[in-house]
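Notes follow once the structure below has been shown.
The values are calculated or read from the model by the stated rules, or taken from the named source; none is laboratory data. All values derive from a computational prediction rather than experimental measurement. All Cβ positions, even for glycine, are placed from backbone atoms using ideal geometry, and neighbour counts span all protein chains on display.
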Amino acid sequence: MKSVVVLGSTGSIGTQTLEVIACAPERFRVAALAAHSNDVLLEEQIRQYRPEIAVLVDPDAADRLARRYRGRTVLLSGEEGLLAAAAYANADIVLSAIVGFAGLRAALAALAAGKDLALANKETLVAAGQIVTALAREKQCRILPVDSEHSAILQCLQGEKRSQVKKIILTASGGPFRGFTSDRLRSVTLEECLQHPNWRMGRKITVDSATLVNKGLEVIEARWLFDIDYHQIDVLVHPQSIIHSMVEFDDGAVIAQLGLPDMRIPIQYALTYPDRIASPAPRLSFNDISALTFEVPDHQTFLGLPLAYAAGKTGGTLPCVYNAANEVAVNAFLSGKIGFLDIYHVIETTMGRHQVALQPDLEALVTADAWARETAARYIDAC
């Protein structure tokens with residue numbers, strides 16, 4: 001039986017991870033849960049899954065739960081509690097679904113403790129890919145992608161020689177604004193942005209999908225997950241979200257992974273890798289598919305993707321700055337402070353003002369992240 005730590009257990013990926021675990025009680029047990037501030041849902045999860053420890057990072061939420069809860073699970077709080085859960089001795093694998101840069105230290109703590117890392121937090125590799133992958137190699141731990149696209153690549157590569165890969169092709173749904181011009185995007189609303197056509201996701205990642213920043217983050221993540229150069233990573237818009245990604249080999253063969261858009265499939269594969277077990281996800285029926293179509297992304301309108309390539313190819317602290325500026329911009333958009341297209345302006349301006357350090361350590365990345373957030377916030381306030 002595999003003992004699992006779920007970081008970000010009350011979010012979209014976290015709750016779906018627990019659904020997967022609940023469907024295979026003979027294979028999995030929950031060792032620890034961690035959330036930010038949703039004490040009500042975390043308490044429900046504690047009672048259902050009975051972890052040995054549970055964490056609320058927000059101290060007020062932790063106090064609320066501590067006043068109510070009288071069970072056997074040990075309650076922890078703050079970043080110290082989060083890191084304790086990530087490095088929990090009784091766990092075999094840590095699934096990190098924490099949103100944003102905040103997940104980096106927890107991922108490093110898990111790897112430093114010798115735990116395999118099922119990674120749904122793409123910002124970890126975007127901001128600190130070199131540091132994270134070096135630590136995984138040192139500790140002989142596996143980093144298993146939970147993103148549907150990177151899970152698809154991992155599956156396509158099974159039994160193949162990495163040296164014979166010509167390129168990988170990440171697919172993108174195109175989000176709710178596929179085909180929109182810049183003029184149309186000027187007036188889109190938050191409500192429209194959050195209506196993703198295919199996937200059930202959190203608010204931040206749904207906005208990232210609409211801007212194609214999410215795909216940009218995935219490009220940088222893929223570079224580190226699969227040790228591949230940026231010129232070998234392509235993005236193709238595939239509105240049906242049936243083909244989750246593809247690998248082209250030197251001989252011209254292309255292998256693709258297909259399935260209905262359901263995150264429980266890549267979540268379960270990360271937890272069971274390299275094995276497969278029965279899944280609660282619905283099955284793909286080719287009789288119900290009328291067409292599979294593909295488009296080249298519009299790099300002139302959806303700037304999240306070309307900005308990501310620029311950040312990744314430059315390297316150093318710039319991908320960290322790209323990510324931090326986007327997080328600030330998306331929060332401002334979600335709160336109504338800026339418009340949709342302003343997200344790009346914030347990212348591009350912040351990147352343009354940054355002095356890149358090409359060989360950063362963790363401290364330098366933390367400094368760059370803080371600088372980018374402050375710079376982006378000042379730019380937003382001045383608009």
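Structure values in brief
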{"read-out": "Condition check for Asn90: of a type in the set (S, T, N, Q) and under 22 Å from Tyr273 (Cβ atoms)", "value": "yes"}
{"read-out": "In the range 177-197, the residues that are surrounded by 18 or more Cβ atoms within 10 Å (Cβ to Cβ) and of a type outside the set (A, V, I, L, M)", "value": "Phe177, Phe180, Cys193, His196"}
{"read-out": "Matching residues in the range 243-259 - criterion: being surrounded by fewer than 20 Cβ atoms within 10 Å (Cβ to Cβ) and under 19 Å from the mean Cα position of the chain (by Cα)", "value": "Ile243"}
{"read-out": "Given (1) part of a helix (DSSP H, G or I); (2) surrounded by fewer than 24 Cβ atoms within 10 Å (Cβ to Cβ), index of the condition Cys141 fails", "value": "(1)"}
{"read-out": "Matching entry among Arg203, Arg276, Arg223 (being of a type in the set (D, E, K, R) and without any contact (Cβ under 8 Å) to a residue 60 or more places away in the chain)", "value": "Arg276"}
{"read-out": "Residues of the range 14-25 classified as closer than 11 Å to Gln268 by Cα and in contact (Cβ under 8 Å) with a residue 60 or more places away in the chain, total", "value": "7"}
{"read-out": "Within the range 51-74, considering residues that are of a type outside the set (A, V, I, L, M) and within 17 Å of Ala86 (Cα to Cα), the one surrounded by the fewest Cβ atoms within 10 Å (Cβ to Cβ)", "value": "Asp58"}
{"read-out": "Among (1) closer than 30 Å to Ala24 by Cα; (2) in contact with a strand residue (DSSP E or B) (Cβ under 8 Å, 6 or more places away or on another chain) - the single one Leu292 does not satisfy", "value": "(1)"}
{"read-out": "Meets criteria (farther than 30 Å from Ser182 by Cα and either exposed (fewer than 11 other Cβ atoms within 10 Å of the Cβ) or touching a residue at least 60 places away in the same chain (Cβ under 8 Å) (or both)) for Asp262", "value": "no"}
{"read-out": "Any hit, the range 184-207, residues being at pLDDT 95 or above, within 21 Å of Ala325 (Cβ to Cβ), part of a helix (DSSP H, G or I) and not hydrophobic (A, V, I, L, M, F, W, C)", "value": "no"}
{"read-out": "Lone unmet requirement of (1) over 15 Å from Ala32 (Cβ atoms); (2) more than 12 Å from the chain's Cα centre (by Cα) for Ala110", "value": "(1)"}
{"read-out": "So Ala136, is it surrounded by 24 or more Cβ atoms within 10 Å (Cβ to Cβ) and modelled with pLDDT of 95 or more", "value": "no"}
